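Structure first, then comments.
Any read-out appearing in this document is the output of simple, stated calculations on the displayed coordinates, not a laboratory observation. None of these values were measured; they are calculated from a predicted model. Quick reminder, even Gly has a Cβ in these numbers, built from the backbone with ideal geometry, and neighbours come from all protein chains shown.
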Amino acid sequence: MTAIKLAPLKVAVICKERLGIGAATQWAQGGIAAALGPDDSPALHSLDTRRAGAGLSDEIVVDILTRDAPARIEELLALGAHFDRARDGELALGLEAAHNRRRIVRAGGDATGEEILRTLIAAVRNAAWIKVYEDVIADDLLLQNGEVAGIGMRRKSGEWIDLYAPATILATGGLGHLYSRTTNPSQATGDGVAIAARAGAMLSDMEFVQFHPTAIDVGLDPMPLATEALRGEGATLVLSDGTRFMEGIHADAELAPRDVVAREIYGWLSRGERTFLDARSAVGSAFPQRFPTAFAACMSAGIDPRSQPIPVAPAAHYHMGGIAVDRWGRTSLARLWGCGEASATGIHGANRLASNSLLEAVVYGSRVADDVKSRHSPAQPTAMRRRSALATPSGSQESLIASLRTVMYERVGVMRDAVGLRSALDAISRLEEEAVGTNMRNLLTAGRLIAAAALERRESRGSHYREDYPLTDARFAKRSFLTLPAAGIDRENISIA
């Protein structure tokens, strides 16, 4: 979205795979939120967003998000997105947890992200001002006189390239692959957060990792998602004997905020119970038509959700934290912007409201483009400098990554405490010593930042739950900010291009 709206500026889009491959957007089933119904308004959408954020959402930024939402939906439609329609031809609006109105715009029932990605990729491929570099890994920001001057990147062949530009935008997505149970693709390794942190950028809200409560628990990695829209249509959460367990936990039962549902499921699993999402009555025989993505995932695992309950477990799904940005996506480093999941805008606070992630991406993608265009003239080109081909790190890393992911899920996951967080930081330090010569540094940097921030927040709020501090504490009713040195990393020993 940013690249498209930067026209006529010359834009380079750098992807570590083929364009769109490994993007969490493609897997986003639920939808994109916008106040479009006659009983809805941006103010009501804003209120629901701030309630989910548990007191940490930036009210002004939330108002920007919800106010801009309808226009961004119209832009996607103009670009060719095909969203689901009701019988009267209007956009069909669904309901999801913690929303008090039907405002979820969907495509293909549960393939909204895929449709948005298809639409934007087609627009990028047809844009003469955009050049796409595929199968290229961004390693570090280029710094000149304390300002960001571009990005140092390398092809998978080992060739290194410095790409200089008057504006650099990090839109690298999330870090779900840090966790052994995740709904994110394996490419979600926290690259943007780590790259910005190594250059000295300020990070924010790193402790807030949202766990989706209903990932399909059939031993796959990543875990397929049983979209929240299923619960919005009446599916229930049950134990193996069919007992519903959310009714006495929260007034909204299955539609309670994600952190509440995730903790309850995690608790049952920790006690040796299996948990299931039962959509037999709510959806039944209509499952293949109404939720084809989730249906296909279940059937491929040998589960027919029309006649069987779906085994589910919490999985790392979305990171509310990231590179600290202002209301225009500007970071603490001059000439560097951030948007999408890699950034921390202040919209989500301690817990993201369902279907606000795709919305934030298109709203902030547009705002960043507007801000960059207001500062740079179309005449300013990018410049490239090729360096000698260097060997790509090739150390054995599969077992080290598996160890890190287990540590993060068990000690920096749904439930946390000081003992576990300190042991996680110790484990990360050991892994940093063992991982020399591997491609793990972004994962390790992101893991350390999350654990350090989680240790500092001595309360429970939103997605961050401390068993040793189970109550919300008014003294911590503020966003967190940190840099690499504050997380216990000596930046002087980190090479910056």
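Overview of values
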read-out	value
Set of segment 411-451 residues, backbone N closer than 15 Å to the point 7 Å along the Cα-Cβ line of LEU471	none
Where N is the number of residues in segment 330-379, Cα Rg divided by 2.2 N^0.38 Å	1.28
D (Stokes-Einstein, µm²/s), Kirkwood Cα radius, segment 184-300, 1.306 mPa s at 10 °C	98
Segment 462-472 - phi-based ³J(HN,Hα) in whole Hz, Karplus 6.51/-1.76/1.60, Gly and Pro as x	x, 6, 9, 10, 9, 5, 8, 9, x, 9, 6
Local electrostatic count, GLU434, Cβ distance below 14 Å [Lys/Arg +1, Asp/Glu -1]	-2
Distant-in-sequence amide H partners of TYR133 (H built 1.01 Å from N, under 5 Å)	VAL13, ILE14, CYS15
Approximate shape of segment 23-109 as ellipsoid semi-axes (Cα gyration tensor, √5λ), whole Å, largest first	22, 15, 13
Per-residue ³J(HN,Hα) for segment 319-335, Karplus 6.51 cos²θ - 1.76 cosθ + 1.60, θ = phi - 60°, Hz, x for Gly and Pro	10, 6, x, x, 6, 5, 10, 8, 6, 10, x, 6, 8, 6, 9, 4, 6
Dmax and Rg, reported as Rg then Dmax, of segment 166-208 (C-alpha, Å)	11.6, 39
Among 86-93, 442-449, the order from most to least packed when residues are scored by Cβ within 10 Å on average	442-449, 86-93
Convex hull volume of segment 243-320 per residue (C-alpha atoms, cubic angstrom)	125
Helix-only CD estimate at 222 nm, as mean residue ellipticity for the chain, using -39500 (n - 2.57) per DSSP H run (n ≥ 4)	-9500 deg cm²/dmol
Pairwise FRET efficiency - GLU433 versus ARG87, Cβ, R0 = 45 Å, nearest 0.05	0.15
Spatial separation of Cα centroids for segment 49-115 and segment 333-362, in angstrom	15
Debye-sum result for segment 275-347 in log10 I(q)/I(0), which assumes one identical scatterer on each alpha carbon, at q = 0.15, 0.19, 0.21 Å⁻¹	-0.63, -0.72, -0.80
Computed Rg/Rh of segment 451-492, alpha carbon atoms with Kirkwood Rh	1.05
√(5λ) per eigenvalue of the Cα gyration tensor, segment 239-385, largest first, Å	42, 19, 13
For peptides 18-29, 136-147, 328-339, sequence by mean Cβ density within 10 Å, most packed first	328-339, 18-29, 136-147
Under 5 Å, built H, 5+ apart or other chain: amide partners of GLN210	HIS317, TYR318, HIS319, MET320
Over segment 125-180 - Rg/Rh using Cα atoms and the Kirkwood inverse-distance radius	1.03
Percentage relative contact order, segment 123-179, counting C-alpha pairs under 8 Å, at least six apart	23
Hydrodynamic radius (Kirkwood) for the chain, which is based on Cα pairs only, to one decimal in Å	22.9
Percentage relative contact order, segment 374-472, counting C-alpha pairs under 8 Å, at least six apart	30
Whole-angstrom Cα spans of segment 115-232 along principal axes, big to small	51, 37, 30
By average C-beta atoms within 10 angstrom, highest first, the peptides 467-477, 244-254, 350-360, 2-12	350-360, 2-12, 244-254, 467-477
Sum of side-chain charges, TYR409 neighbourhood, beta-carbon under 12 Å (Lys, Arg +1; Asp, Glu -1)	+2
Surface/4 of the Cα convex hull for segment 68-157, nm²	10.1
Cut-off under 5 Å, modelled amide H: who pairs with THR227 long-range	none
Descending principal axes extents, segment 406-497, alpha-carbon based, whole Å	42, 25, 17
D (Stokes-Einstein, µm²/s), Kirkwood Cα radius, segment 8-73, 0.890 mPa s at 25 °C	169
For segment 306-448, fraction of C-alpha pairs farther apart than 27 Å, in %	47
